[in-house]
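Reviewing the structure listed below.
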Amino acid sequence: MTAKVMVSVIGLLIACSASAAVYKSVDAEGNVVYTDDPKGHGEPVKLPPLSTVPPPKYINLPTEATLPGSDSQAPVYKQLTIATPTADETLRDNTGDVAVKVALQPDLDKAAGHRLQYFLDGQPQGESRTTDKAVYSNVPRGTHTVEVAVVDAAGNEIQRSSSVRFYLHRQSVNFPRGPAAPAPVSPR
């Protein structure tokens with residue numbers, strides 16, 4: 001909630017508790033009237049207590065750039081990003097090959113069993129590996145996303161990069177050599 005809404009709610013609660021008395025009266029035409037004004041011939045009405053619900057208890061979850069289960073919330077790697085393709089880059093490759101390069105600082109901790117798991121459109125691509133480069137083959141034309149995650153020896157994700165969107169253009173099967181040039185117009 002925004003601060004403005006919170007202030008309004010608190011003010012309303014204070015105003016309601018200050019004028020908690022309700023009076024019931026019947027006017028000359030037989031209409032029942034409820035009011036908070038004690039003047040007149042109204043009788044006090046005893047209201048049931050307000051029902052309240054306690055607020056939910058929130059847990060601070062670690063961000064995706066932190067090591068799960070660690071006491072420190074510092075990321076394991078200072079930099080874990082997709083270097084290529086760049087965000088919103090348009091790639092042109094008729095075979096559908098997409099080369100991915102990862103920028104990682106410090107270097108991958110191979111002694112601890114850390115490996116890189118590559119993702120294309122949210123789906124893991126092959127087995128995890130220790131190289132900072134990967135090539136996806138026969139990727140269909142269109143919009144795609146790529147991510148990489150550092151995993152431990154057991155395959156548990158330690159840290160994940162942000163998703164990078166790219167566009168792949170492949171030559172259409174309808175025009176295997178490109179669109180035909182218009183026929184030359186012969187003079188009359």
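Only the Cβ atoms of Lys and Arg (+1) and of Asp and Glu (-1) were treated as charged; on that basis the dipole of segment 79-169 about its Cα centre amounts to roughly 120 debye.
Local charge for Val146 was computed over the other residues whose Cβ lies under 11 Å away, with Lys and Arg +1 and Asp and Glu -1, and equals -1. Summing Lys and Arg as +1 and Asp and Glu as -1 over all other residues whose Cβ lies under 14 Å from the Cβ of Leu104 gives a net charge of +3. Going Cα to Cα from Lys78, which lysines come in below 24 Å? Please leave out same-chain ones fewer than 8 positions away. Qualifying lysines at Cα under 24 Å: Lys101, Lys110, Lys133. Give the lysines reachable from Lys24 as a straight Cα distance under 26 Å; neighbours fewer than 8 places away on the same chain don't count. In chain and number order, the partners are Lys39, Lys46.
Projecting the Cα atoms of Val135, His114, Ala154 onto the dipole axis of segment 81-168, where Lys and Arg carry +1 and Asp and Glu carry -1 at the beta carbon, places Val135 farthest toward the positive end. Maximal additional length on extending the Arg129-Gln171 stretch stands at 12.0 nm, based on 0.36 nm per residue less the C-alpha distance. For segment 79-169, the gyration tensor built on C-alpha atoms gives a prolate shape. Its axis ratio a/c (a ≥ b ≥ c) is at least 1.5, and a/b is the larger of a/b and b/c.
None of the figures in this text is laboratory data; all of them are computed from the coordinates on show. Only a predicted model underlies this, so the values are computations on that prediction, with no experimental measurement involved. Using ideal geometry, Cβ is built from the backbone for each residue, glycine included, and neighbour counts are taken over all protein chains shown.
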